[in-house]
Structure formats: C-alpha cells, structure tokens
Amino acid sequence: MLTCPARAESLENTLKSWRETDWTGEPTIISDALCLENRQESQTRNAKRLLETAQAEGEFDYLLFLEDDLEFNRHLHANLQRWSPIRHGYLRAGGLYSRLKTGAFDPKGFRLCPLGLMSGSQAILLHASLIPPILEAWDRDYSTEMQDLRIWRTAQHICPVGYFHFPSLVQHVGNESTWGGPAHNTGDFSKEFKEMSFSFIHGMGDCANYCFQIPLYTRRGHKVIVHCTPEKKEMFEAAGAEVIGGGADSAHPYLHAEHEPPTLENPWSGSKPGWNVARSPAPNIGDYRELWEEYCQVEIDLEKYITPEIRARIAGILKDLPRPIILLHLQGNTSPGMKDLPHDQQAVLVRSLLSRTDGTVISLDWDKRVWTTTNARFRNMMDWHAFNPLELYEIISKADLLIGVDSGVQHFSRFTKTPVLGLWRHNSPSHFALPRAKTAHLVGNWNNQLTRLRRIPFNIVETPNNQIDGNFIAEQAVRILGPRYFLEQPGPDLLLRSLIDNCQGEQEKPEWGRTHVDRTKTLELLFWWLKDRQNPQVLETGTIRAEEDYSAGFFTYICGLFLKHHGGKLFSVELDNDKAEFARKWTKGLPVDVRTAHSHDFLKGYSGYPLDAIYLDSCDTDFPEHASNCLEEAKLALPHLAKDGMVLIDDSPNKAGVWHGKGSLAIPWLLENGFRVVFAGYQVLLQRVK
C-alpha cells in the first residue's frame, strides 16, 4: 500500500476498512521517505520502491498495488480467491477498481478493457511476471509519466487487455489527488458483494427452471458458481454460471412456494420457480415479485454445445420418419399419481394421434414404463438409445411438437423453440412452470377458481371434464400442428381458440323461441379478419359482467386477449359503473379501455382513430328499447368506422326471413347504407362495402 507521512489520517481510515474485510494480516505499507517538494516525482519514486520491495520479498503469484484512500469490499479475499481470472491463472494485469464503462463485460465477473485506456493506481493487480519488465522500463520508456501510466503503458505491450473485477471491490474515497487531479469514484462498487458457490442437485425440471434465473444475477454483476450433476453442466454454463466439480459452499434447497392468495395481478403467487428467485444461497438481488417479469423473459441458447456429431446422430434418427414428428413424455420420475397420464389414456392419445395425423409419434421413455403399440409410425426412444440432455435438446428442437406431463422434459423444452402441450392432472402449471408463448397447458376443470386467474399468462386450456383424456389432447395437438389460426404464437393461439369454442350453446326467448347460439362462428370470422389489420381499433358497447360468462360471449376478455398478442386496442363502453369496474378488473393488463358512459354519448364525442370493428351489445333484449338503441348506435358509429370496417351485432337471430333481437332495426338500416352480411347466426356480422 502506497502512502506518505502527510496522509496518515487517510491511511488510518483505509486500514480500518481493510481490517473489516476477511483478509488476515495487514498490507505492506510503503511510505514515502523522500517527501520531495515535487509531490508527483516523490510519489512516483515511492511507487517504484513498492514494486522493488514486492519483487525482493520472494515468491508470489500476484501483487495487489493499493493507494491509501480506499474503501474495501468486506469479502475481498474470498472474492479474489474465487475470481476466474486469478483462479485459472489467465490474468496478467487488471484491477479491482475501474471508472471505465467501456470494454467487454463477461458474466463470470469482469470487464475486459484495453490497458492503453487505463489510468489510476487505486487497486492494480499484476502477475509477478510483469514486475521485472515494468521496473526495467520505469525510467526509460515513460519517464515523464506518473506511476499509474508507467505501469499500464508498459503492461499493454505484454498483454493489451486487462481484467477488471465487476462489480468493483474497491472504492476511491479521496477528495484530493496528490498530483492535483479531480476527485473520482466508481459507480459499481459493492461493499457486500460476495462471490459464492452452491450445489444444485435437483431434477431436470427444477434445474432447467433455475437456469433461467441465473442471468438475473449475472446482469447485476454477480457471479454464480454451481456444482451440479455432470449431465446438466452445459445447461448451467449456457445460463452464465461457472460449473465446478465439487467443494461448493452450500446446497440450494429450492423450496416450494409459501402460500399467497392468488389474484389476477400476482401470477407469481404459488410459483416454485418464482419463489426461489433471490433466495439464499443465491445473491439477494431484490423482491422476487418485482423480478418476475424479467425472469419470464429470459432466453438461453444451447446451440453452441450441440456438436456436429450430435446433429448427425439425431438427423439420422429422424431422416426417414414421416412428418410431423410428435414427441411424447407421459411419465415422470416423481409423484406418478399426480403427474403421469394413465396407460388407458396413453393408449387413447397414441391411437388418436396416429389416426388424426400422417406423422410419427416418438415416446421419450428412459425406463420402458409407458404404453406401447406396434406401428411403423410409433417409435420408442430406446429403439435407438437413451438420449443425453444435449441429444434431447436436439431432437426436441427438430420435432414439430412435444406433449409432456409436469416433468423434466417439459420444463427442459424451454431451451428450445418447439411448440409444447403441457399435461397437468392434479397440479397447476402456474405453480411449477414458467410462462412461455410456445407452450399451452391442458388442465382439468377441477381447479377453475385458480385457472381463471392464471389462464392468460400461462396459456391454460381447460378440458370439458375433470380429467384430461387422450382424445382431447390429440385434438389440441392437431390444432397446434396446423397453421396458426389467429395469433403467431401457438400458446395464445390455442387458448384463444378454446375460449371461442366456449361461446356456443342453446337459448330460448319468447320473442323468437329456441335458437342455437353459435357465437363461435361469428367471433372466428371477426378475429380472422382482424388478424390481417395492423393495430386494429375495436369498439364494444356494453361489457362483460360476470366471471367466465361465455354464454353471453365474454367478448371484452376474449378480444382483449387477442389484441394483447396481436396489437391494437379495445374501447368498451358501459353505462353501469359496477359492471364497468368488473370489466376493468378482469381485463387488467390487456389493451382494453373501459369507459363508464352511455354509448350514444361516447360515440358522439369520439375523436380517435378510425374503428376497424364495432361490436353492438349494450342493451339487453329484456328492455323494450333494445332495438332502437342498437339502431342509434349504428348510426352514430358509422362516421367513425373504417371504409371496409366490420359491425358485429349480438342477440339477432333471423326467423323466416325476419330479423329479431337487438339488430332487428339496425341490420336492415345497415344493409340499406352500404353493408353486406358476412355471416348470420345468433349474431350477425356485417362489412362496409361502400
């Protein structure tokens, strides 16, 4: 440590901070005995004496060159021992303090910076081999510079770039420079940062989900060192962790989440992956609830670990198999009664897939436990060999669909871009999976109270019955394998189709008698048309008023889901404030603007973008004015409708050529004013043609 008698107070404060670290022993103090009038020359000579003293003291690997106005990280010694550039011996020059924000950042805990740009000698790290050439050049090559530039400029000829710890383990606290320069410090100093290691000896699914939170730590400057079983090494490395073979400081327990009452606004509640974010022994980087959204957006690329040999091996397996390739993983290793698809339903699923598609079904079965059949288009993984994780990644990546229970393979598929159908017999995907746009989860309707709160973020599709059956799974699989219907991503697209499927049934009213309610048809046509519009603007008069009310269309919610993934906005206008508040609650987070107003007043004052579609549904047919109200809405909306815009009118069946219900007056008027009927059933969809 470099100092001078005039800086005794600064030195004492620095040593006090040093003694609060985990370093045993004091640094060697090199005090300026010359005290020349020229302070810069005096300090530079003293710095040379520091280097000469270090060289004379004997064998060592690294010299830590320190000034006397510093504050230290409390775990300084442990962090240096674990720092990759030192532990693996590839650091020649670098430091623990840097003001530079340039240079390549590495998640292993350092910035790579050109030494030619460096200045300052607050906390320089030098390999012992560099000290002789630096001393040799000291009074020869850079004789007009101070000690910092003499060190950095000489070192750059031997190693052009240096390793600088991130976050900085040393902070400069001096207010006055010996040579008269301005005060400075670094913004990335951390007093409490500690590089630590832990073992993560858990199943494939837990390991996969945990990998996706590792970038949350490395982005914030933390280094994650993990001991895992050998076959999972590449997963953790790809996530940004350093993998060690043993000797971890502690074990990660990866606990189940504590109970938190679920609402529409806390998709993380009950989530095992979410609950373990920032939990010890991992660094505490904040509240897991505030980190949830970032966690769900993390992507990890395993491609660089897939060797040409692995690619060739999987390509050879798939070469002559008819497409689509459908992978099945129907039994896991834990909680079989909760997770596994029973053999009778496995049989139904396989037979249905073979009947509904021309492709190949491959069962991923490491233990020969699943139901099998003899068919040229049904294969078992063990027909070839047991896939290791990298081979599993490659075959999932090259498949057209994975169907998997709540087990390791399903969670591991998050590393790929392949569509997935998750099967959940007794658990909720919101408790064990992470949201993924390419995944849809199938659950029984036994847990609808939770499902309705988690449906949109997790793309949860409910079966008609308490349990999932093979035919229903196959039906959804065929949908995913086909072209996208409304939305680009398979998860939201399948969910939207399933919700629209719910909008049909039977109804009877005195005015028109019994009628088949086929809102499914008109909603499909409307969204099919809207998907080709960029950021469509939609207006709804009336709004949703009860949970899961598909018998009334549940349009605000369904349209909001569509627009969330496609883009655009829905205005929903409702006169009753209680109903408007209900709609706001159930569409929170969706691009839906619920207004409390009379539809006529809203339309008279509307001055926004042209409306691509209008849904008229504001006055129930129980009220005598329902038809006249709808007609007035149509007249007021017409000036705001796009030239080729759509109008959808609810509750308007046709009996013997006569329109009934809400549209009984509006439909004839629209037909007389440049519209045509696109489709008529229980609802009527019309398009403006002139």
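The values are calculated or read from the model by the stated rules, or taken from the named source; none is laboratory data. Note that this is a predicted model, so its numbers are computed, not measured. Here the Cβ positions follow ideal geometry from the backbone for every residue, glycine too, while neighbour counts run over all protein chains shown. These area figures cover heavy atoms from the full protein model, side chains too; ligands, DNA and RNA do not enter into them. Shrake-Rupley method; radii C 1.70, N 1.55, O 1.52, S 1.80 Å.
For the range 150-248, list the helices (runs of 4 or more DSSP H) that sit wholly inside it and hold at least 1 residues that are in contact with a Cys (Cβ under 9 Å, 6 or more places away or on another chain); which are they?
Numbers: elements: 204-211, 214-218, 233-239.
Answer list for the range 150-248: 204-211, 233-239.
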Yes/no for Asn79 being within 34 Å of the chain's Cα centre (by Cα) and either touching a residue at least 40 places away in the same chain (Cβ under 8 Å) or in a strand (DSSP E or B) (or both): yes
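Going by the structure shown, is Ser129 among the polar types (S, T, N, Q), modelled with pLDDT of 90 or more and out of contact with any strand residue (DSSP E or B) (no Cβ under 9 Å at 6 or more places or on another chain)? Full working, then the answer.
On the way: among the polar types (S, T, N, Q): yes; modelled with pLDDT of 90 or more: yes; out of contact with any strand residue (DSSP E or B) (no Cβ under 9 Å at 6 or more places or on another chain): yes.
It is true that Ser129 is among the polar types (S, T, N, Q), modelled with pLDDT of 90 or more and out of contact with any strand residue (DSSP E or B) (no Cβ under 9 Å at 6 or more places or on another chain).
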Positions within the range 412-439 being part of a loop (DSSP other than H, G, I, E, B), hydroxyl-bearing (Ser, Thr, Tyr) and farther than 12 Å from Ile460 by Cα, in sequence order: Thr416, Thr418
Test: residue in the range 21-44 that is free of Cβ contacts under 8 Å to residues at least 60 places away in the same chain, closer than 27 Å to Pro133 by Cα and assigned to a helix (DSSP H, G or I): yes
Conditions (1) within 18 Å of Pro653 (Cα to Cα); (2) crowded, with 16+ Cβ neighbours inside 10 Å; (3) in contact (Cβ under 8 Å) with a residue 40 or more places away in the chain: number failed by Pro536: (1)
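Of the residues Phe212, Phe193, only one is touching a helix residue (DSSP H, G or I) at 6+ places or on another chain (Cβ under 8 Å) and modelled with pLDDT of 95 or more; which? Give the steps one after another, and end with the answer.
Numbers: Phe193 fails: modelled with pLDDT of 95 or more.
Going through Phe212, Phe193 in turn, just one is touching a helix residue (DSSP H, G or I) at 6+ places or on another chain (Cβ under 8 Å) and modelled with pLDDT of 95 or more: Phe212.
Would you pick out the residues in the range 348-391 that are of a type in the set (A, V, I, L, M) and out of contact with any helix residue (DSSP H, G or I) (no Cβ under 7 Å at 6 or more places or on another chain)?
The first filter runs over the range 348-391 and keeps only residues of a type in the set (A, V, I, L, M), leaving 348-350, 353-354, 361-362, 364, 370, 376, 381-382, 386, 390.
Of everything in the range 348-391, those that are of a type in the set (A, V, I, L, M) and out of contact with any helix residue (DSSP H, G or I) (no Cβ under 7 Å at 6 or more places or on another chain) turn out to be Val350, Leu354, Ala376, Met381, Met382, Ala386.
Each row is one residue, and each column tells you yes or no for (1) among the aliphatic types (A, V, I, L, M); (2) open to solvent by 20 Å² or more (accessible area, probe 1.4 Å); (3) modelled with pLDDT under 95.
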position	(1), (2), (3)
Ala33	yes, yes, yes
Leu36	yes, yes, yes
Gln43	no, yes, yes
Ala56	yes, yes, yes
Phe60	no, yes, yes
Pro85	no, no, yes
Tyr90	no, yes, yes
Ala386 vs. criteria closer than 29 Å to Lys304 by Cα, hydrophobic (A, V, I, L, M, F, W, C), modelled with pLDDT of 95 or more and surrounded by fewer than 19 Cβ atoms within 10 Å (Cβ to Cβ): yes
Some residue of the range 255-267 being within 19 Å of the chain's Cα centre (by Cα), closer than 21 Å to Met204 by Cα and crowded, with 18+ Cβ neighbours inside 10 Å: no
